[in-house]
1. Counting only residues that are more than 30 Å from F617 (Cβ to Cβ), touching a Pro at 6+ places or on another chain (Cβ under 9 Å), part of a helix (DSSP H, G or I) and not β-branched (V, I, T), how many does the range 409-435 have?
2. Just to be sure before I move on: is G804 farther than 19 Å from F821 by Cβ and not aromatic (F, W, Y) in the structure I sent?
3. When the residues of the range 411-449 are filtered to those that are of a type in the set (S, T, Y) and buried (at least 20 other Cβ atoms within 10 Å of the Cβ), which remaining residue is farthest from P517 (Cα to Cα)?
4. For the range 512-546, which residues satisfy the criterion of being over 19 Å from G811 (Cβ atoms), open to solvent by less than 60 Å² (accessible area, probe 1.4 Å) and among the hydroxyl-bearing types (S, T, Y)?
5. Tell me, please, whether a residue that is polar (S, T, N, Q) and within 27 Å of S245 (Cα to Cα) can be found in the range 462-477.
6. For the structure I just gave you, tell me whether I272 is open to solvent by 30 Å² or more (accessible area, probe 1.4 Å) and either within 30 Å of T135 (Cα to Cα) or of a type in the set (A, V, I, L, M) (or both).
7. Which condition number does D296 fail, the rest of (1) crowded, with 18+ Cβ neighbours inside 10 Å; (2) touching a residue at least 60 places away in the same chain (Cβ under 8 Å); (3) outside any loop (DSSP other than H, G, I, E, B) being met?
Amino acid sequence: MSLLRRHAPPRILGRAGDPPRMAAAMAAGVYFLMAAVASAQPPTPESVLGYKPGADFHLANYEDSLAYFRKLAASSERIKLVNAGKTTQGREFWIAFVSDAANLAQLDHYKEISRRLALARGVTDEEARALARETKPIIHVDGGLHASEVANHQHTIQLGYDLVANEGPEYQAIRQNLIVELWFSINPDGQSIVANWYRDNLGTPYEVSPLPVLYQEYVGHDNNRDGYMLNMLETREITKATLESQPLVFYTQHQTAPFPGRIYLPPFADPISGNMHPLMLRWLSLIGMTIAQYLDDHGLTGSMHQESFDVWYPGYVDNIGNFRHTISFFTETALYRYATPHFYTVDEFPAGRRELGTEMLYSSPWKGGWWRLSDACRYMYEADMAVLSLAVRYREQMIYNKYRAARDTIERFRKEPPFAYEIPRRQHDAPTAAVLVEKLMLNGIEVSESASADAWVIAMDQPFAGLVKELFEPQVYPDLAQRPYDVTGWTLPYQMGVEVRAITSPLTSQYRALLTPITRVTGLAAPFDRGANASYRAVNQILAANGRVVFAGDEVSVSGVDKKAFAAILEENRLRGAPPQGEPTDAKPVRAARTGLYRPWVASIDEGWTRWILEQFQFPFTSLYNADIRAGHLRERFDVIVIPDIGERQILDGHRPGTIPERYTGGLGDEGTEELRAFVNEGGTLLTFNHASLYAVDQFKLPVENALAGLTPEQFYCSGSLLRVHIEDRKDRLTAGLEPDTVVMFEEGPAFKTKPDFKGKVLARYAKERSPLMSGYLAGPDRLQGQAAAVEADYGKGRVILLGFKPQWRGQSHAAYKFIFNALYE
């Protein structure tokens, strides 16, 4: 079974009372609900919300925003609401398309032109220029992915109203020449979570207290790190809609500007990928400078460029579009906290900027004073207007450039390698290879099957081939003085443990003729063994059906389950295996461990990703909060407790008293730590990831030390790279199914050195004779060489498993999942 969910096609909601066009809509896979224009003027935001968007101490939740946009759409034929699906928490996900009524009546036609130009095939240069003159380009503007950056989703309410109702010449030009694809909230769940939290605490000592939960289910801030993996429902819906409309620009608002700047704009800091078409980079810089000039013209100072943000990582939702030739970028406007105002004095500025000196890339310094939500909303609003006005002025050139970038990419890979990639169907973990192929297709990549159906083939003479190369090749991060903003290596075949072959000779016509394009993976049935991650899901399904499972090394045998049910489980997981045995064997069966997952009130993205993966593979588990652990009697209820990548002080201390409502304060403390020690001492297993391993080493007094402790960044530095580890004993039950050399994501973690009195075993180690770096950047590789990457330490009757890396990093590192899975059976 694919890990990806299927969704209904979008629905469209416009004016109330128009005759239904169901036949045409259903033929297009889209359901339309039209309505007659109300005689009243479009309602102002204040008339619906009761306050002006951006007002002090007021935040609209998603339900408020949607209610307003429904009323706006019911009042005007200049706006059409499109339902893009549902969010993780079940809210309806809406987009507002805004333009003149005549343009919206031809929305599907203009989308089709956008797709033709984005793919470039069958279109000549002359035809492309003619289409550029004819069409109305689509411009994506949204209310920001990070819901705690509240001006993102608050400012779009006023923007939507003015784009519909304002009769000024700038607004008329936008409506006449563009179609604005306004995602007034691109994180609906998060908008409501944040707004409701703020309202609950408004007027109390906790008015600006941090959220105790992630503002997007499972991933929080990482919702903008899921751009190519598409693990989250929302990211898949955004990508699907974007591939359908092929906007010229994809503009996402954020709200964390480098202080004291008021807004951070392109051009971004180096480095940048060489797999983007150069036109994307030129226009990113042009747009950034245009926004800065526009803001200066409107009396809004403090625009800042470059500084600390780079876009080396392609997985940002607001960056990945550049590989599909949509100019995609973010800006960062200043934030205090929620809708509470704050007064800044120059004394609070960094020492180097207290003189308010003019800089080349900070040429109109902000001088301090009050900063309100309304100020942030105004900066964002005017930045949106700058982008839209630029698109009006240069639309024909921008449209042609999108076509040209696709045409150039196709031509490039007809002349230079790689000419194609082959992914063999026969793999160590073939179902995971199929997941990789599905991810590519969801990203708009064209995939074929080979003549004998023994491989999936990605021919590189296709418009979005730069994205394939970006994801498949090893990253080589340049040695720069500025530290990376995010990770430096992500090569998907390495992370997923999938063999991929680059074809470096031009494809022959005979080879091409035998390729069969596909839109889904079919016919795969891999061996039911512990080499395949999908086998663990199948095992969990069998155990849930009261079947009996026996592990013998990598082999899996089953009994006690209906043959028909067993066959259905295997088919669902793309597996094949021997029929279940009629009688139980003498071998000892496994059972699902009673697993607890630590979930602190200092919301942890790593916990969220771990929770998501356990759910995807159907491992039963219980979330454990601080009070649950402090209450004790853990061994009576659990066999395994998992602590994801969380720092020691955060685990121990949590939120300080007085900073958040009392029920969310504190961490495990000494009391909870003592209960964990008792749990392990009585025979339990504690499984720790990355920094949480150091908590276990320190608090359990394990005879293990961090070999990287005390090193300076010049001696050792690795902010996020793919490293190779060697499995010491593949017959060990904790490493079964792993390949002898497995790639893991190392992100500022530890490496272990065992002391003479150590009892236990090293599970995985960095090679002694060579650098472990496979993709990314690693300063001081010799500091890792020969050190342990994963350790099982005896403690009383139990054990502590220390993983010095992130085995579930952003739902991408499938090759390392078994470090988790194997520990969750008894």
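1. Keep residues of the range 409-435 that are more than 30 Å from F617 (Cβ to Cβ), which gives 409-420.
Now narrow it down to the ones that are touching a Pro at 6+ places or on another chain (Cβ under 9 Å): 409-410, 414-415, 417, 419.
Add one more test, that the residue is part of a helix (DSSP H, G or I), and what stays is 409-410, 414-415.
Subsequent filtering for residues that are not β-branched (V, I, T) retains 414-415.
Of the residues in that region, 2 qualify.
2. Details: farther than 19 Å from F821 by Cβ: no; not aromatic (F, W, Y): yes.
It is false that G804 is farther than 19 Å from F821 by Cβ and not aromatic (F, W, Y).
3. Narrowing the range 411-449 to residues of a type in the set (S, T, Y): 421, 432, 448.
When the remaining residues are screened for being buried (at least 20 other Cβ atoms within 10 Å of the Cβ), the result is 421, 432.
Values: Y421: 14, T432: 20 Å.
The selected residue is T432.
4. Listed by number, the list is empty, since nothing qualifies.
5. If we filter the range 462-477 for residues that are polar (S, T, N, Q), which is where we start, we get 462, 475.
Now narrow it down to the ones that are within 27 Å of S245 (Cα to Cα): 462.
For the range 462-477, residues polar (S, T, N, Q) and within 27 Å of S245 (Cα to Cα): present.
6. Numbers: open to solvent by 30 Å² or more (accessible area, probe 1.4 Å): yes; either within 30 Å of T135 (Cα to Cα) or of a type in the set (A, V, I, L, M) (or both): yes.
Against the criterion (open to solvent by 30 Å² or more (accessible area, probe 1.4 Å) and either within 30 Å of T135 (Cα to Cα) or of a type in the set (A, V, I, L, M) (or both)), I272 qualifies.
7. Among (1) crowded, with 18+ Cβ neighbours inside 10 Å; (2) touching a residue at least 60 places away in the same chain (Cβ under 8 Å); (3) outside any loop (DSSP other than H, G, I, E, B), the lone unmet condition for D296 is (1).
The rows are residues; the columns are (1) touching a residue at least 60 places away in the same chain (Cβ under 8 Å); (2) open to solvent by 30 Å² or more (accessible area, probe 1.4 Å).
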| position | (1), (2) |
| --- | --- |
| M745 | yes, no |
| A751 | no, no |
| P756 | no, yes |
| A764 | no, no |
| G780 | yes, no |
| R783 | yes, yes |
| G786 | no, no |
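The values are calculated or read from the model by the stated rules, or taken from the named source; none is laboratory data. Nothing here was measured: the structure is a model prediction, and the numbers come from that model. Positions of Cβ are generated from backbone atoms using ideal geometry, with glycine treated the same way; all protein chains shown enter the neighbour counts. Note: accessible area is taken over every heavy atom of the protein model, side chains too, but ligands, DNA and RNA are not part of it. Shrake-Rupley method; radii C 1.70, N 1.55, O 1.52, S 1.80 Å.
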